[in-house]
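For reference, the structure is listed below as structure tokens.
The values are calculated or read from the model by the stated rules, or taken from the named source; none is laboratory data. In this text the structure is predicted, and so the values were computed from the model without any measurement. Here the Cβ positions follow ideal geometry from the backbone for every residue, glycine too, while neighbour counts run over all protein chains shown. Ligands, DNA and RNA are excluded from the accessible area calculation, which covers all protein heavy atoms including side chains. Shrake-Rupley method; radii C 1.70, N 1.55, O 1.52, S 1.80 Å.
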Amino acid sequence: MRRVTWILAIVMSAALLLAGCGKKDAGTVVKDLDHVMGKLDSYQGTGRMVLQTGQEPQEYQVEVWYQEPHYYRISLTNEKKDITQVVLRNDDGVFVLTPHLHKSFRFQSDWPENQGQVYLYQSLVQSIMLDNDRQFTKDGSSYVFDVLANYPNSGQMARQKIWLDQKSLAPQKVEVADASSKVLVKLDFTQFEFGKKLEKDNFDMQRNMTSWDLKSLDKTAPASGEVSKDAGSTAAAGKETSGAAATGSKDAAAQGAASAADGKQPAASGPAAAGTDSGKQAAAGEWAATGATTGTSAKTPAAESGQTGADMKPAASGSAAATGAASGGKAAAGDTAAAGTAGSGKTAVGGTAPAATLPGADQKAPGSTAAGFGLIEPSYLPKGVAQQDISQIPLGENTAIMVRYKGTYNYTLIETAPQSQTVSILPGDIVDLGYTLGVITGDEKKTLTWTYDGIEFRLSTGDLPHDELVKVAQSVAEEAGK
């Protein structure tokens, strides 16, 4: 009888021990994550990310590659707009590529070590390990951590939930929310593989630009022996466009010459518009691409010399278009519009819309410009800030539009349609604007640069706080989408 009792006791103890081994608490999982990070050499993942940071959700297909010690490649594709951006880190620095514009921006940075990214495994694990007040639960075959969101350049993001596979600890899903628990970012990984074999040239800038060109050719090229149905109409349209561009160029030159004769404005130089942008047509009323995009490098004055928009001299002293009357809080669409159709944040500079009559507006402002696109103004103004003026300025080989804002904070927004690839080498950081990626450079005077719908934006300031800087930049997309 005593022997049976001992046997039962041993069996019960073993059962309890085995049951205990099958349950892991947060501390045990964190130790396992530390072990995974210690032997991490590479990974590759894909997923679908939805951003709710603007008026409308933005959906992206995400692809992430990592190779030790510090090689990264992140591809973000908005299939609805057919736009892809690529972030690279290699031995030459950090690159933000916009392949369809043949544009790249290179800068020196410790990214991503100095700022987390929701799609990087290292960032997710670090957020879990650094939060001593982490919350831990299980959901089916997943471990779920609720931790602080560790994204310095995204002030709205407060907390995040991270789902990890119980067996491999690979990421499955991430949800990032603001202080009121509203989900701003949702990322669902469709595939994630540790130990993926990657080559060093997978992270080469030129290879990534070239491979995108080849993919574009595959999409647009007709099958062998076939003739595109639209070839004739495209050729005809091209002739009409060339004729219209030539006429517009003559008109612009004539207008510039007349202005120069009056002493109000120097004669315009350079072509007004020509060519196309890699075969991509601009949306009607948005902008007209100027010049054929090439792989040649063109210096950017603001980036290369550290010069901000406020330091640049306008092309014409009499080209100020408006002194804005809007102030405080979020401006309704059209409140900050200086020209164009009422109720729209877009100013048809270079179009046919008349200048708006606003208090303090300069009625001598030209109704057209050599910039070749419609001005897109932010819908958000910080409290106590009003638009001061709008002018045209030369920017490298392009003509740009400069909008200055004064008040509680002072900043300048410069917009241009880049004709060629721009490469800069400056210390900087990546800023996720939700609808696109930007690069912020400078210390005392900061410049946030980003590209959207074929337009390059540069927001420069010496006193605008980072969170306000991001809000102004994010509101540009709200107006561009109208």
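Numbers at a glance
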item	result
Residue list for segment 437-461, filter: open to solvent by 10 Å² or more (accessible area, probe 1.4 Å), outside any strand (DSSP E or B) and touching a residue at least 60 places away in the same chain (Cβ under 8 Å)	442, 445, 453
Residue that is within 17 Å of the chain's Cα centre (by Cα), open to solvent by less than 40 Å² (accessible area, probe 1.4 Å) and under 21 Å from residue 476 (Cβ atoms), where the choices are 105, 95	105
Qualifying positions in segment 140-175 - touching a residue at least 40 places away in the same chain (Cβ under 8 Å), outside any loop (DSSP other than H, G, I, E, B) and either open to solvent by 40 Å² or more (accessible area, probe 1.4 Å) or farther than 16 Å from residue 193 by Cα (or both)	143, 145, 160, 174
Among residues of segment 63-76, those that are assigned to a strand (DSSP E or B) and either without any contact (Cβ under 8 Å) to a residue 12 or more places away in the chain or open to solvent by 30 Å² or more (accessible area, probe 1.4 Å) (or both), counted	3
Residue within segment 40-62 that is surrounded by 14 or more Cβ atoms within 10 Å (Cβ to Cβ), modelled with pLDDT under 90, out of contact with any strand residue (DSSP E or B) (no Cβ under 6 Å at 6 or more places or on another chain) and over 30 Å from residue 210 (Cβ atoms) present	yes
Pair list, Cβ < 8 Å and 6+ apart or interchain, from segment 94-119 residues that are among the β-branched types (Val, Ile, Thr) to residues that are open to solvent by less than 10 Å² (accessible area, probe 1.4 Å) and in a loop (DSSP other than H, G, I, E, B)	94/111
Residues located in segment 89-139, provided they are farther than 23 Å from residue 65 by Cβ, touching a helix residue (DSSP H, G or I) at 6+ places or on another chain (Cβ under 7 Å) and assigned to a strand (DSSP E or B)	136
Count of segment 389-413 residues which are in a strand (DSSP E or B), under 21 Å from residue 444 (Cβ atoms) and of a type in the set (S, T, N, Q)	1
Single condition residue 140 does not satisfy, out of (1) farther than 19 Å from residue 185 by Cβ; (2) in contact with a strand residue (DSSP E or B) (Cβ under 8 Å, 6 or more places away or on another chain)	(2)
Filtered residue count, segment 153-198, keeping only those that are of a type in the set (D, E, K, R), closer than 21 Å to residue 26 by Cα and touching a strand residue (DSSP E or B) at 6+ places or on another chain (Cβ under 8 Å)	5
Segment 176-192: number of residues that are outside any strand (DSSP E or B) and hydroxyl-bearing (Ser, Thr, Tyr)	2
Pick from segment 392-404, criterion at pLDDT 95 or above and out of contact with any Leu (no Cβ under 7 Å at 6 or more places or on another chain), ranking: farthest from residue 455 (Cα to Cα)	404
Evaluation of residue 182 against (1) of a type in the set (Lys, Arg); (2) under 30 Å from residue 469 (Cβ atoms); (3) modelled with pLDDT of 95 or more (one fails), failing number	(3)
Verdict on residue 464 being without any contact (Cβ under 8 Å) to a residue 60 or more places away in the chain, buried (at least 19 other Cβ atoms within 10 Å of the Cβ) and either of a type in the set (Val, Ile, Thr) or within 22 Å of residue 156 (Cβ to Cβ) (or both)	no
